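See structure below.
The values are calculated or read from the model by the stated rules, or taken from the named source; none is laboratory data. Quick caveat: nothing in here was measured; it's all calculated off a predicted structure. Cβ sites come from the backbone with ideal geometry, for glycine too, and all protein chains shown count toward neighbours. With ligands, DNA and RNA removed, areas are computed over all heavy atoms of the protein, side chains included. Shrake-Rupley method; radii C 1.70, N 1.55, O 1.52, S 1.80 Å.
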Amino acid sequence: MQRAAALVRRGCGPRTPSSWGRSQSSAAAEASAVLKVRPERSRRERILTLESMNPQVKAVEYAVRGPIVLKAGEIELELQRVMALCTYPNLLDSPSFPEDAKKRARRILQACGGNSLGEAPTCQAPRREMNESSQAAPALSGGSCVRMGSYSASQGVNCIREDVAAYITRRDGGVPADPDNIYLTTGASDGISTILKILVSGGGKSRTGVMIPIPQYPLYSAVISELDAIQVNYYLDEENCWALNVNELRRAVQEAKDHCDPKVLCIINPGNPTGQVQSRKCIEDVIHFAWEEKLFLLADEVYQDNVYSPDCRFHSFKKVLYEMGPEYSSNVELASFHSTSKGYMGECGYRGGYMEVINLHPEIKGQLVKLLSVRLCPPVSGQAAMDIVVNPPVAGEESFEQFSREKESVLGNLAKKAKLTEDLFNQVPGIHCNPLQGAMYAFPRIFIPAKAVEAAQAHQMAPDMFYCMKLLEETGICVVPGSGFGQREGTYHFRMTILPPVEKLKTVLQKVKDFHINFLEKYA
């Protein structure tokens, strides 16, 4: 329109009314033509399209937040739309909280910049005063405010890393842990992604190969795709309660050497989604294998508190490595991970975690700290949550009895529900479930008839995706198809949590049973 107005104003010398009219008419016509053409000229192709985007990002898949979960979210929103309000209590002044908890809180806050975890100020009716001509921040007078927190060190708050090191030392029966080898992270996922970023290199046949268990937690395949690394699958032995067989590791690594450089071996213990707990002998064999093949070990141990089978016990890779002697403990590079999201805590939203990295080259350690510094620091509230996990109440403290009672109750109930799930699934024709030794999931194998496989293909779905979608639509139960975790060709599974209360879990399992029987009859 500005150009149109300029065209109207154009001309030289004085105008007569008639000439002005002709000029105005001509200018208006030109302006109209310009306005009609302009939209065509303003169009251009978008820079970022599905064709031009990073193909590694497009290749990333994350089954536990995939179509089934999205569909469940849609159904849930149709049933209920509720906003939760969070309050921020003044914990340190409340008589409702025990003194040992306040002592821990004060210690952490004193180690944080601004004596705060970083929340926005909580004010009691302050009066804001500002010079109208000034752009400076307003002064606060009257009332009181909690100061804004600051970033922590990139590696994490020092006193929390010390507490993590002390926890690992206690857990491993005195095997020392150095706080300088501890890195606080935004959940275990952040630590796993970060260490893989450093490990992946090369091109062609020298590109880094990352060995992961199948079934696996899909974080691993997603990060491998994102980094354009080479995924090297090794299969867990379903017929032997999802055990890890070193002969299978040897097969996988030898085949992988034809097209990549296997450099990383990932272990999930206890297993997700499979729930197995590795024996000490198995861990020794894996460490020896990593030593032989010069592999960097990643030990995902976020379910270390979740062991239910009386025949099983959690053994950390760090402890077994040291007990195998200096030939191993001084040479095998190991990164192990823990999180506030799992175990008996379930504090997923805080995004707290740590990784301990041992036998890392000093120069690489500097590179790791540099990489961590790019994201400044993990959430300080998540770091504080991690401290509570590794520095729980001890005998003699005010909170100890309540803490012990609640922890035992949570883990005891999970153990009961693990056994209940295994038993009830194994009563259903066409479903087989291995013992749930640990973690918090069942990963049963399901029989899918040929006609159902054909129906899934007609819908362009994997058969187990088709099964899980039908289960969701007909019962409201949301499970994740086994194809999202990986499984041997021709087998089908789904992953289901055992977290619901016992009575609700019984109802869920009964609904799955009824659905499965009807599914078999429908597609027989």
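Below, the figures for the structure above:
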| item | result |
| --- | --- |
| Count of the range 325-341 residues which are among the polar types (S, T, N, Q), within 22 Å of LYS294 (Cβ to Cβ) and open to solvent by less than 10 Å² (accessible area, probe 1.4 Å) | 1 |
| Selected residue (only one of MET461, MET496, MET465, MET469 is surrounded by 14 or more Cβ atoms within 10 Å (Cβ to Cβ) and part of a strand (DSSP E or B)) | MET496 |
| Single unsatisfied condition, TYR303 versus (1) outside any strand (DSSP E or B); (2) touching a Leu at 6+ places or on another chain (Cβ under 8 Å); (3) surrounded by 18 or more Cβ atoms within 10 Å (Cβ to Cβ) | (2) |
| Filtered residues of the range 308-327 (kept if closer than 18 Å to PRO213 by Cβ and under 25 Å from the mean Cα position of the chain (by Cα)) | PHE314, HIS315, SER316, PHE317 |
| Answer residue from the range 94-114, given it is modelled with pLDDT of 70 or more, assigned to a helix (DSSP H, G or I) and more than 29 Å from the chain's Cα centre (by Cα) and is nearest to GLY382 (Cα to Cα) among those | ARG106 |
| All positions within the range 250-292 that are without any contact (Cβ under 8 Å) to a residue 40 or more places away in the chain, under 25 Å from ASP172 (Cα atoms), among the charged types (D, E, K, R) and touching a helix residue (DSSP H, G or I) at 6+ places or on another chain (Cβ under 8 Å) | ASP285 |
| In the range 160-183, the residues that are β-branched (Val, Ile, Thr) and either within 10 Å of GLU356 (Cβ to Cβ) or not in a helix (DSSP H, G or I) (or both) | VAL164, ILE168, VAL175, ILE182 |
| Every pair of residues 6+ apart whose Cβ atoms lie under 6 Å, when the first sits in the range 354-366 and is under 25 Å from SER341 (Cβ atoms) and open to solvent by less than 50 Å² (accessible area, probe 1.4 Å) while the second is part of a helix (DSSP H, G or I) and of a type in the set (Gly, Ala, Ser) | MET355/GLY191 |
| Every residue from the range 378-391 that is at pLDDT below 85, surrounded by fewer than 21 Cβ atoms within 10 Å (Cβ to Cβ) and assigned to a loop (DSSP other than H, G, I, E, B) | PRO379 |
| Selected residue (only one of GLU226, GLU248, GLU284 is surrounded by fewer than 23 Cβ atoms within 10 Å (Cβ to Cβ), modelled with pLDDT of 95 or more and within 21 Å of PHE485 (Cβ to Cβ)) | GLU248 |
| So TYR322, is it part of a helix (DSSP H, G or I), open to solvent by less than 40 Å² (accessible area, probe 1.4 Å) and under 18 Å from ILE358 (Cβ atoms) | no |
| Verdict on ARG313 being among the basic types (Lys, Arg) and in contact with a Pro (Cβ under 6 Å, 6 or more places away or on another chain) | no |
| Matching option when the condition is assigned to a helix (DSSP H, G or I) and over 30 Å from LYS407 (Cβ atoms), among GLU248, GLU284 | GLU248 |
| Odd one out for TYR308 among (1) within 28 Å of LYS416 (Cα to Cα); (2) surrounded by 23 or more Cβ atoms within 10 Å (Cβ to Cβ); (3) in contact with a Phe, Trp or Tyr (Cβ under 9 Å, 6 or more places away or on another chain) | (3) |
| TYR235 being surrounded by fewer than 23 Cβ atoms within 10 Å (Cβ to Cβ) and aromatic (Phe, Trp, Tyr) | yes |
| Number of the exception - VAL394 against (1) under 27 Å from CYS348 (Cα atoms); (2) surrounded by 14 or more Cβ atoms within 10 Å (Cβ to Cβ) | (2) |
| Residue that is least open to solvent (accessible area, probe 1.4 Å) [pool: residues in the range 397-416 that are in contact with a helix residue (DSSP H, G or I) (Cβ under 8 Å, 6 or more places away or on another chain) and at pLDDT 90 or above] | ASN413 |
| Close pairs from the range 188-202: first among the basic types (Lys, Arg), partner in a helix (DSSP H, G or I) and surrounded by fewer than 23 Cβ atoms within 10 Å (Cβ to Cβ), Cβ under 8 Å, at least 6 apart | LYS197/LEU371 |
